[in-house]
4 protein chains.
Amino acid sequence: MGEDWLRTGIGRSTPDAITVRGRDLATELMGRLTFSEMAFFLTANRMPSPGETRLFDAALVSLADHGLTPSVLAARLTWTGAPESLQGSVAAGLLGAGDVFLGVVEDTARFLAAVLSGDPPDAERAVAAEIAAGRRIPGLGHNVHKVEDPRTRRLYAIAAEAGIPTPYLDLLRDVAAAHAAATGKVLPINGAGAAGAAWADLGFRPEIVRGFALLARTAGLIGHLAEEMTDPIGLRLWLDVEHRATYTGSRPPDRGDTPRPPGDTAESPNG
Amino acid sequence: MGEDWLRTGIGRSTPDAITVRGRDLATELMGRLTFSEMAFFLTANRMPSPGETRLFDAALVSLADHGLTPSVLAARLTWTGAPESLQGSVAAGLLGAGDVFLGVVEDTARFLAAVLSGDPPDAERAVAAEIAAGRRIPGLGHNVHKVEDPRTRRLYAIAAEAGIPTPYLDLLRDVAAAHAAATGKVLPINGAGAAGAAWADLGFRPEIVRGFALLARTAGLIGHLAEEMTDPIGLRLWLDVEHRATYTGSRPPDRGDTPRPPGDTAESPNG
Amino acid sequence: MGEDWLRTGIGRSTPDAITVRGRDLATELMGRLTFSEMAFFLTANRMPSPGETRLFDAALVSLADHGLTPSVLAARLTWTGAPESLQGSVAAGLLGAGDVFLGVVEDTARFLAAVLSGDPPDAERAVAAEIAAGRRIPGLGHNVHKVEDPRTRRLYAIAAEAGIPTPYLDLLRDVAAAHAAATGKVLPINGAGAAGAAWADLGFRPEIVRGFALLARTAGLIGHLAEEMTDPIGLRLWLDVEHRATYTGSRPPDRGDTPRPPGDTAESPNG
Amino acid sequence: MGEDWLRTGIGRSTPDAITVRGRDLATELMGRLTFSEMAFFLTANRMPSPGETRLFDAALVSLADHGLTPSVLAARLTWTGAPESLQGSVAAGLLGAGDVFLGVVEDTARFLAAVLSGDPPDAERAVAAEIAAGRRIPGLGHNVHKVEDPRTRRLYAIAAEAGIPTPYLDLLRDVAAAHAAATGKVLPINGAGAAGAAWADLGFRPEIVRGFALLARTAGLIGHLAEEMTDPIGLRLWLDVEHRATYTGSRPPDRGDTPRPPGDTAESPNG
């Protein structure tokens, strides 16, 4: 019953019950799972063990906030113009969480998955190939935390305490060592890369781990938007930018412009 | 040090440390807080008690998924066209979580806050005023769960176990009773309204509680997008809609159109 | 043929043809309509007259750019983090075009439509009612253009040249005069309000005129994003904000925080 | 005056004037430019010739609508949930205009630019290289318009009439011929690819041409959202999907799930 192509294993709602992944939401999930366990369950279609939950939570906490980032500023500026729609401000904040920042989470998981599919996995060879191709190794280096990313050491410690196998996190450490050996330059494992490896160790495919980074960031965005409501910076930031900006628009055409012939009416088609 | 107008109490990042709400992220927050406690802390600027955490988690879990809603379909259709950008699909899903669905969370908290500011609070009078004005009471009634919303009873039970004062949830029950008495029609308290009241009981202002509904929904969206990656419905849904749609566009102007005079050249300004 | 509820009069595509509003896209629309005529036709389901086109274009041109607004900054900051997805940056820019800025377009059209539905329309009475209710008159006043909004005079002149009836624009002028008479304070008609009135005069309902403001702004956002690609400011703006910000997060709980009891384990549920 | 790094050549606003690209908005642009000329000018920083305007308009018109696409459905579903925020629905619609659909515009321009940078440009060799690498040639083939895309022939005809040099459009025709010769399979040049080539011929860099596709699509989205307001399909589509969907969630763990050990408390951490 139902169309074969239109199927979902996630949620269904009837007058009497809401079902999520085959469990009754009210009696089997509410009050029995923390929100992060629910997030894990929704995507993994299995319950995490206590150790898995601990690592999953720590990675989410680690990426929830990183100060007044471009994404946070975009969200707060959006609220300045559209306070009727909190979802718009959160969405604007998430849209900036792309390849440059949170993409590292996914790139790292993807790179490590490719290396782990080798038989046997060979960190040195993979690193050498990336260097030869002129590519950066995902998960290494950070433009603020140049010597050590404080989140990384802590996440590794929590993973060790959690007592679960962590081939991705282990390999990432080998990759960092191989990179240092090959280049003579020590780059720290960054927090986004470590989180990506941790989520991969919990069984999530590289394609979806960026989603958890977005979930983490959503919590931070809500905090910032609550602050914007009582202690706004968006409007002042706009006026400050307008005041400080240099205007380079010039009446005569810039160099390189096609000069318009005398009779050209392009500027006044209706005039 | 620093501009007075450009201040934040949330996050700061230096080469050595990341600070969130005055705590060291790595040593004081990671591994010590669950993700939902972190979300609470980020917005409330205080740590929740165990009972508060339990209620906060339950409300988040209750709103994480409600099946193939318009918001979920929008997210999955977006992924069909833009798989390069997971954040775009999540953002599209959140954009549909507006006044009609998740807005109830905020509306309920707002309405209850207004009643609670009365001296003394008077549910009967407030309900009568809404009815007289022809307005619906926020938080009552659901178009699927017509007799009882299964999430509501469970959330009230968890709130009772949590052992914290719940004036908003209590008042919402009075409001439902007053509405039934005044109209002779029993409407259930819906899950979104109950969640809004619960978050208000935890000390959050009505303006921000919609944010937690968005956080909850983000977890559901990630689950659905993971499913879309392996068991896609977006493309088929599009083709199915195209196939089943009735096309009503007609060559002659529709009734009500302004007839164009014979010499009108509007259709071929460049032609 | 086709479902009755699933109908559209806009577009249909078959292997041989694309039809828009009953016209063949390739032979009847491409090369015969300017893009703004196409936008008009898509929503109005009728072709504009030359005078209507001229006013429609002028209103779009008037709102296409207003400098480094919050919306533009949000778009450029988004590109800094997510250059893989130009649609994400444009979307982020549009999300800030809400009630505070471009909402005026819709609010003005809505207010004027309500006054025009009176028999007879009475600007003085409507203005008096708004003032008595403590509401601002939509379309009047601007925080930068305090004496005169340069777009307004020009749009009225173009409307006059266009030779079409403009009851909304005429009424807006009466409203401004009535407001000045009632308060002794002359507020200019702002450009967004004038554009809203102009689009209403072209037959569009108030609910949709904000859409044309979004269309106008999209053109400006593309210009800014092209500039961001070659002359970026997003990254520098972020670093500048981080550098200048005052951090107010403090280790001891803020005043008003619930003090935690000694045995409270809330901070270390997994610790 | 002003920060050196914070510069823009686009817009500036003072109490008396709004300047765009060095021109006075009210007196030099409004009423003198159509909206598409304004969009051209904003990005190109030069005025288009009449022939350029004609081609630019035709390409915008060609991509404004393609029926009930995933992007349009996402926008209409978003409006169902969030009617308070038209910008949110437009943004949701644009977010689906990514790599799979409108990305072709950019990919085609990029590919042709690479070939044109050869000395001399060699379509056959470039096509052979793509085929050898197992990649599809951008701009060729369409899943609905399998024999001929009706927009393409018309756009080429308009380009010819416009009397401007069109090296990109010319090369795209060579590419299609080279592909047919190499594979024996004739694929039509699709409308998105032709539009991308046309915009490149007008001097726009490949990185930004997707922006014009977004601008075109915004016009279509506004038409669809206006229709959704009076003849809604979003709510019915949701209920229809819910009704037809097959629910595959099952109480026992799916195959491949990690079986939970008997004493596992993960499901009831708070229970």
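The values are calculated or read from the model by the stated rules, or taken from the named source; none is laboratory data. Remember, it's a predicted structure, so these values are computed and weren't measured experimentally. Because the Cβ atoms are built from the backbone with ideal geometry, glycine has one as well, and the counts that use them run over all protein chains shown. Calculation scope for accessible area: heavy atoms of the full protein, side chains included, ligands and nucleic acids excluded. Shrake-Rupley method; radii C 1.70, N 1.55, O 1.52, S 1.80 Å.
Residues considered: C:A126, C:A97. Of these, the only one that is in a helix (DSSP H, G or I) and either within 30 Å of C:E228 (Cβ to Cβ) or open to solvent by 10 Å² or more (accessible area, probe 1.4 Å) (or both) is C:A126. Selection over the range A:143-173 of residues that are open to solvent by 20 Å² or more (accessible area, probe 1.4 Å) and either facing chain B (nearest Cβ under 9 Å) or at positive phi (or both) gives a count of 10.
Considering A:G11, A:G31, the condition of being within 23 Å of D:L239 (Cβ to Cβ), in contact with a Ser or Thr (Cβ under 9 Å, 6 or more places away or on another chain) and small (G, A, S) is satisfied by A:G11 alone. Identify the residue in the range A:70-90 that is open to solvent by less than 10 Å² (accessible area, probe 1.4 Å) and in a loop (DSSP other than H, G, I, E, B) and, among all such residues, is farthest from the other protein chains (Cβ to nearest Cβ). Of everything passing the filter in the range A:70-90, A:S85 is farthest from the other protein chains (Cβ to nearest Cβ). Would you mention how many residues in the range B:1-46 are hydrophobic (A, V, I, L, M, F, W, C), in a loop (DSSP other than H, G, I, E, B) and buried (at least 23 other Cβ atoms within 10 Å of the Cβ)? So the answer is 3. Summed over the range B:24-45, the residues that are more than 8 Å from chain A (Cβ to nearest Cβ), without any contact (Cβ under 8 Å) to a residue 12 or more places away in the chain and under 29 Å from the mean Cα position of the chain (by Cα) give a count of 1. Examine the range C:231-243 for a residue that is within 7 Å of another protein chain (Cβ to nearest Cβ), more than 27 Å from B:I18 (Cβ to Cβ) and assigned to a helix (DSSP H, G or I), and state whether such a residue exists. Within the range C:231-243 (the criterion being within 7 Å of another protein chain (Cβ to nearest Cβ), more than 27 Å from B:I18 (Cβ to Cβ) and assigned to a helix (DSSP H, G or I)), the answer is no, since none of the residues qualifies. Is at least one residue of the range B:105-113 touching a residue at least 24 places away in the same chain (Cβ under 8 Å), surrounded by 21 or more Cβ atoms within 10 Å (Cβ to Cβ) and in contact with a Leu (Cβ under 6 Å, 6 or more places away or on another chain)? Yes: the range B:105-113 contains one or more residues that are touching a residue at least 24 places away in the same chain (Cβ under 8 Å), surrounded by 21 or more Cβ atoms within 10 Å (Cβ to Cβ) and in contact with a Leu (Cβ under 6 Å, 6 or more places away or on another chain).
Among the residues of this structure, C:T53 counts as one that is surrounded by fewer than 24 Cβ atoms within 10 Å (Cβ to Cβ), polar (S, T, N, Q) and facing chain B (nearest Cβ under 10 Å).
In the condition set (1) facing chain B (nearest Cβ under 8 Å); (2) crowded, with 24+ Cβ neighbours inside 10 Å, D:V61 is compliant with all but (1). Given the criteria more than 9 Å from every other protein chain (Cβ to nearest Cβ) and open to solvent by 20 Å² or more (accessible area, probe 1.4 Å), does C:R135 qualify? Against the criterion (more than 9 Å from every other protein chain (Cβ to nearest Cβ) and open to solvent by 20 Å² or more (accessible area, probe 1.4 Å)), C:R135 qualifies. Of the residues in the range D:175-193, not one is surrounded by fewer than 20 Cβ atoms within 10 Å (Cβ to Cβ), closer than 18 Å to C:M30 by Cβ and either touching a Lys or Arg at 6+ places or on another chain (Cβ under 6 Å) or not small (G, A, S) (or both).
Just give me the residues in the range B:173-204 being under 18 Å from B:G103 (Cα atoms), among the hydrophobic types (A, V, I, L, M, F, W, C) and not in a loop (DSSP other than H, G, I, E, B), in sequence order. Steps first, please.
Step one: filter the range B:173-204 for residues under 18 Å from B:G103 (Cα atoms), giving B:188-201, B:204.
Then drop every residue that is not among the hydrophobic types (A, V, I, L, M, F, W, C), which leaves B:189, B:192, B:194-195, B:197-200, B:204.
Correct list: B:I189, B:A192, B:A194, B:A195, B:A197, B:A198, B:W199, B:A200.
Taken over the range A:46-67, the criterion of being touching a residue at least 60 places away in the same chain (Cβ under 8 Å) and closer than 18 Å to A:H145 by Cβ is satisfied by A:A58, A:A59, A:V61, A:S62, A:L63, A:A64, A:D65, A:H66.
If the condition is being closer than 24 Å to D:S117 by Cβ, under 23 Å from the mean Cα position of the chain (by Cα) and not charged (D, E, K, R), then the range D:153-176 contributes D:L155, D:Y156, D:A159, D:T166, D:P167, D:Y168, D:L169, D:L171, D:L172, D:V175, D:A176.
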